[in-house]
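Visitor: Quick one: structure below, then a few questions.
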Amino acid sequence: MAVPITALYGAILGVFNVALAANVSRVRGKVQIFLGTGDSEELALAVRRHANNAEYVPLALVLLLTAELAGGASGVLHGVGGALVLGRLLHAVGIGVKPSAPRALGALLTWLAIAAAGVYAALVATR
């Protein structure tokens, strides 16, 4: 069974994750710290941007995939996927900014997307 919606958001978020990882490598070279983060705030922020994305995206994509495989409506799935992408972008931009409305909004959108995907997957799987 084809899963074009999950494939789309997985591809977008996969490329984004690689960009965040490449940024960690770039900053590591710049500050000459190749293991851990040492005393570099810039490196610690780059590592957290990447790690936070890697922590949340897999679960969200699994739930989106579950809903899509169960026959979820494309509009709902695109809404969840779009909210997830926007949330991840806002969160990454907002890390390191104090106070950070983008970070807070990004976290909220990410959590809502995960919760919505989970609830929706359960609903379509049991209808």
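Visitor: Taking into account only those residues within segment 48-62 that are of a type outside the set (D, E, K, R) and open to solvent by 40 Å² or more (accessible area, probe 1.4 Å), which is farthest from Val31 (Cα to Cα)?
Guide: Val62
Visitor: Ok, one more. So which of Val62, Val80, Val76 is without any contact (Cβ under 8 Å) to a residue 12 or more places away in the chain and more than 15 Å from Leu20 (Cβ to Cβ)?
Guide: On inspection, the qualifying residue turns out to be Val62.
Visitor: Given the conditions (1) open to solvent by less than 30 Å² (accessible area, probe 1.4 Å); (2) touching a Lys or Arg at 6+ places or on another chain (Cβ under 7 Å), report the number of the one that Arg88 does not fulfil.
Guide: Checking Arg88 against (1) open to solvent by less than 30 Å² (accessible area, probe 1.4 Å); (2) touching a Lys or Arg at 6+ places or on another chain (Cβ under 7 Å), the one that fails is (2).
Visitor: Mind checking which residues of segment 94-115 are farther than 15 Å from Leu63 by Cα, of a type outside the set (Gly, Ala, Ser) and loosely packed, with under 15 Cβ neighbours inside 10 Å?
Guide: Within segment 94-115, Val97, Lys98, Pro99, Leu108 meet the criteria.
Visitor: When you go through (1) without any contact (Cβ under 8 Å) to a residue 60 or more places away in the chain; (2) out of contact with any helix residue (DSSP H, G or I) (no Cβ under 6 Å at 6 or more places or on another chain); (3) among the hydrophobic types (A, V, I, L, M, F, W, C) one by one for Ala107, which number turns out not to apply?
Guide: (2)
Visitor: Against the conditions (1) over 30 Å from Thr37 (Cβ atoms); (2) surrounded by fewer than 16 Cβ atoms within 10 Å (Cβ to Cβ); (3) modelled with pLDDT of 95 or more, where does Val80 fall short? Just the number, please.
Guide: (2)
The values are calculated or read from the model by the stated rules, or taken from the named source; none is laboratory data. Everything quoted here is computed from the prediction, not taken from an experiment. Ideal geometry is used to build each Cβ from the backbone, glycine not excepted, and the neighbour counts take in all protein chains shown. When the accessible area is computed, the model is the full protein with side chains, heavy atoms only, and any ligands, DNA or RNA have been set aside. Shrake-Rupley method; radii C 1.70, N 1.55, O 1.52, S 1.80 Å.
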